[in-house]
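Working notes, structure below.
The values are calculated or read from the model by the stated rules, or taken from the named source; none is laboratory data. As the structure is a prediction and not an experimental result, all values here were calculated from the model. All Cβ positions, even for glycine, are placed from backbone atoms using ideal geometry, and neighbour counts span all protein chains on display.
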Amino acid sequence: MKITSLRGCQPIAENSPADWRTTIGQILVAIETDTGLVGYGVGGGGAAGIHVIEAELRSALIGRDPSPIEEIWDDLYELMLPYGQRGIAIMALSAVDLALWDLRGKEAGRPVADLLAGDQGSRVGEPLPTYITVWDGLAEAFATGHRAFKLHVERNSGPERVARVLDTVHQARELVGPGVPLMVDAWMKWDLDTTLAVAEGCQDLGVDWIEEPLPLHDIDGYLRLARESPIPIAGGEHEYTARAFQTLIDQRLHQVLQPDVCWCGGLTELVKIYRMAQGTGIRVCPHRGAEPWSLHALAGLDPDPLPESGRPWMTWVGGQPPIIDGKITLSDRPGLGVEIDEDALPL
Ligand SMILES: [Mg+2]
């Protein structure tokens, strides 16, 4: 099999939020081969990501056998080394890598989850519990059958913010009842003192983790949280490559790692991260894990899968398994199982 073309576009997502995901948005990559098989992957980086692909990655891939994905990843990473060890370039590489995995599964005629699981067997066809991420919609999500929740509480600021966050968590616990998983996400907006105060205040509220409380560069702050927080700290949503995750693991910086497969370097890196975390006591719980790009890793490699709800505005990705009564079931369609209507996209 040989790669004959590589195309990328930034699909318009009508209801995407007005933040960096719109401006530096999600990109779609299609890789065609001489067998007629087409692989699809989603990454990030918007127009800049597409520029990286067109200026550098495309010419390195045309004419190449797409099968040795891990070797290809290393070659592309090396090409981008002077400018691309983190951020937009790795987001672009993620889309290419996922498209190659889609091809690998399609060529084998099997879902990627099965290829990852090997003899152990995957959870394809098995309903998996999910959690949903909410800002203001907790009651509605609970009413529609969701049974695990993450509260975005980063908007709280000022001297009263600890009290307000604790009040929000308390009210959430009252609503969902005991035993229902509840997490909070601060999206890099807090400082050490705020985080420790929230963590101490949450001790009796059954919070499974506090997510990304500090800016990513505050390593000293995270090391103190690792020692002093009574609630597990989650992170890694905005980290890139398995090498960087190895550092997080070595430092025991987080108890829950949340790589985003469309940003961190693709499935090749997510697989490495799962394997590196094995036996360390650190949990891997991918960001947006219910989207088809990640879900195969959760269904193929994760001992305790808890996929996070995906992003509803990415309606241009067809074939996404729905979440019904809080559960998601991966189908046995080959590859990553997505359906892309190219006629509807500027591919
Ligand atoms: Mg988050």
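At a glance:
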| read-out | value |
| --- | --- |
| Residues being within 16 Å of the ligand (Cβ to nearest atom), without any contact (Cβ under 8 Å) to a residue 40 or more places away in the chain, among the hydrophobic types (A, V, I, L, M, F, W, C) and farther than 19 Å from Thr194 by Cβ - total across the stretch 246-262 | 2 |
| Qualifying residue in the stretch 192-208 (condition: within 16 Å of the ligand (Cβ to nearest atom), under 30 Å from Gly337 (Cα atoms), touching a Phe, Trp or Tyr at 6+ places or on another chain (Cβ under 8 Å) and among the hydrophobic types (A, V, I, L, M, F, W, C)) | no |
| Selection count where residues are crowded, with 16+ Cβ neighbours inside 10 Å and assigned to a loop (DSSP other than H, G, I, E, B), scope the stretch 145-199 | 12 |
| All positions within the stretch 125-136 that are modelled with pLDDT of 95 or more and either outside the structural domain of His296 (by TED's automatic domain parsing) or within 16 Å of the ligand (Cβ to nearest atom) (or both) | Thr130, Tyr131, Ile132, Thr133, Val134 |
| Given (1) surrounded by fewer than 22 Cβ atoms within 10 Å (Cβ to Cβ); (2) touching a residue at least 12 places away in the same chain (Cβ under 8 Å), index of the condition Trp293 fails | (1) |
| Members of the stretch 173-210 found to be more than 23 Å from Pro286 (Cα to Cα) and of a type in the set (Gly, Ala, Ser), listed by number | Gly177, Ala197, Gly201 |
| Qualifying residue in the stretch 19-33 (condition: aliphatic (A, V, I, L, M), surrounded by fewer than 20 Cβ atoms within 10 Å (Cβ to Cβ) and without any contact (Cβ under 8 Å) to a residue 40 or more places away in the chain) | no |
| Test result for Ser122, of a type in the set (Gly, Ala, Ser), touching a strand residue (DSSP E or B) at 6+ places or on another chain (Cβ under 9 Å) and not in a helix (DSSP H, G or I) | yes |
| Options His217, His238; residue that is within 14 Å of the ligand (Cβ to nearest atom), surrounded by fewer than 21 Cβ atoms within 10 Å (Cβ to Cβ) and farther than 21 Å from Val165 by Cα | His238 |
| Residues that are under 15 Å from Asp325 (Cβ atoms) and surrounded by fewer than 18 Cβ atoms within 10 Å (Cβ to Cβ), drawn from the stretch 132-144 | Glu140, Ala143, Thr144 |
| Of all residues making up the stretch 147-168, the number that are among the aliphatic types (A, V, I, L, M) and within 16 Å of the ligand (Cβ to nearest atom) | 4 |
| One residue from Asp136, Asp102 being over 30 Å from Tyr274 (Cβ atoms) and either not hydrophobic (A, V, I, L, M, F, W, C) or not in a helix (DSSP H, G or I) (or both) | Asp136 |
| Pairs where the first residue, in the stretch 72-89, is assigned by TED's automatic domain parsing to the domain that holds Arg21 and among the aliphatic types (A, V, I, L, M) and the second is in a helix (DSSP H, G or I) and surrounded by fewer than 19 Cβ atoms within 10 Å (Cβ to Cβ), C-beta under 7 Å, 6+ apart | Leu76/Ala60; Leu79/Glu56; Leu79/Ala60; Met80/Glu56; Ile88/Ala48 |
| Pair list, Cβ under 9 Å, 6 or more apart: the stretch 127-141 residue in contact (Cβ under 8 Å) with a residue 60 or more places away in the chain, other residue exposed (fewer than 13 other Cβ atoms within 10 Å of the Cβ) | Pro127/Ile324; Pro127/Asp325 |
| Residue list for the stretch 1-39, filter: acidic (Asp, Glu) and within 16 Å of Leu347 (Cα to Cα) | Glu32 |
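Residue by residue, here is whether (1) assigned by TED's automatic domain parsing to the domain that holds Leu257; (2) aliphatic (A, V, I, L, M); (3) out of contact with any Leu (no Cβ under 6 Å at 6 or more places or on another chain) holds:
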position: Ala290; (1), (2), (3): yes, yes, yes
position: Trp293; (1), (2), (3): yes, no, no
position: Ala299; (1), (2), (3): yes, yes, no
position: Asp304; (1), (2), (3): yes, no, yes
position: Glu308; (1), (2), (3): yes, no, yes
position: Pro312; (1), (2), (3): yes, no, yes
position: Asp325; (1), (2), (3): yes, no, yes
position: Asp332; (1), (2), (3): yes, no, yes
